[in-house]
Amino acid sequence: MRAQWNEPKPSLTVLTSMAEPKKPKKNRLLVVGMPLVALLFVFSLIQLQFDYSRIAAGFMKLMGIVQVMFPPDFTAWRHVLLAAMESLQVAILGTVLGILIAFFLSFLAASNLTPHPFIAWIIQSAASLLRAIPTVVWALIFIVSVGLGSLTGVLAITVSAAGMLIKVFAQSLEEVDKGVLEAMQATGASWLAIVMQGILPTVKTAFIAWCVLRFEGDLGESTILGAVGAGGIGYELTHAMKSYNFAGALFVGLVIFIMVFSVELVANRYKMNLKVRKH
């Protein structure tokens, strides 16, 4: 019994010091950035000098227009559906052409596959320029050069899609494990063999996911481009609004919603299947 009383007791200071969790470090960027964003928001709100009475009056006017829209006017359904099909075709052609251009240029833009870093820099800079200019502006540029019509929409979407896909494709290629490339190079495989057998199977799923995502956005872009004269259902919506045919404009809006929602639903289902196959 005496031996038990003489045993050393555990140190409470050691236990308490081990149990205390480490305090998380504060993110300096977040601490400085959030007040700065709030300050810029308040400054912009004051600087723009919104007329809130005008906003309230416009909202009440909008509620009156919404009441006039019902029921939708289906009389021009043939023209609207043909225009919707044209917008879908513009989106498909523009996206596919943009994918083809980006697919080949992305291998030259990726830092781990490019023949020379200067070539990669040139292509990445050109892609940044294409992304910096909005698709609507590209459409206005092509209207001056090739005139009104669906070709303008196809070219505008092609340029915009290529600028975005070059970047994301190149990033996906740069994420490929270097060990795979070094192992194939050690076997004496050619550049084409490395790309076809080592790289494409790795990035195929990412490439397809980016292409599907881009097509979703391009379909929405194609409906907007019609408003500036690039053909498609956007022209029908603009024409209905300018002629104060609000019931007809509602029908056009419903067709746009159904078209975009259907494509997005199918695209999401396809992307889910890709994730299941990957795992």
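The values are calculated or read from the model by the stated rules, or taken from the named source; none is laboratory data. Everything numeric here is computed off the predicted structure, so don't read it as measured data. A quick note on method: Cβ atoms are made from the backbone with ideal geometry, for glycine too, and the neighbour counts reach across all protein chains shown. Quick note on the areas: whole protein, heavy atoms, side chains included, nothing else; ligands and nucleic acids left out. Shrake-Rupley method; radii C 1.70, N 1.55, O 1.52, S 1.80 Å.
Testing TYR235 on (1) open to solvent by 70 Å² or more (accessible area, probe 1.4 Å); (2) touching a Lys or Arg at 6+ places or on another chain (Cβ under 8 Å); (3) not basic (Lys, Arg), one condition comes back false. Which one is that?
(2)
How many residues are in a loop (DSSP other than H, G, I, E, B) and touching a residue at least 40 places away in the same chain (Cβ under 8 Å) if we restrict to the range 133-150?
So the count comes out to 2.
Considering only residues that are open to solvent by 60 Å² or more (accessible area, probe 1.4 Å) and in a loop (DSSP other than H, G, I, E, B), which ones fall in the range 111-125? Give the steps one after another, and end with the answer.
The initial filter retains those residues of the range 111-125 that are open to solvent by 60 Å² or more (accessible area, probe 1.4 Å), namely 111, 115-119, 121-122, 124.
Within the range 111-125, SER111, PRO115, HIS116 qualify.
Going residue by residue through the range 201-220, is there one that turns out to be hydroxyl-bearing (Ser, Thr, Tyr), under 20 Å from LEU97 (Cα atoms), surrounded by fewer than 20 Cβ atoms within 10 Å (Cβ to Cβ) and in the same structural domain as ILE143 (by the TED database)?
yes
Please verify whether VAL180 is at pLDDT below 80, surrounded by fewer than 18 Cβ atoms within 10 Å (Cβ to Cβ) and among the β-branched types (Val, Ile, Thr), treating the condition exactly as stated. First the steps, then the outcome.
Values: at pLDDT below 80: yes; surrounded by fewer than 18 Cβ atoms within 10 Å (Cβ to Cβ): yes; among the β-branched types (Val, Ile, Thr): yes.
Yes; evaluated as a whole, the condition is true for this residue.
Within the range 27-39, track down each residue that is open to solvent by less than 100 Å² (accessible area, probe 1.4 Å) and at pLDDT 80 or above.
Selection gives PRO35, LEU36, VAL37, ALA38.
For the range 46-90, give me the residue count where each residue is among the aromatic types (Phe, Trp, Tyr) and over 18 Å from TYR244 (Cα atoms).
Within the range 46-90, residues that are among the aromatic types (Phe, Trp, Tyr) and over 18 Å from TYR244 (Cα atoms) number 2.
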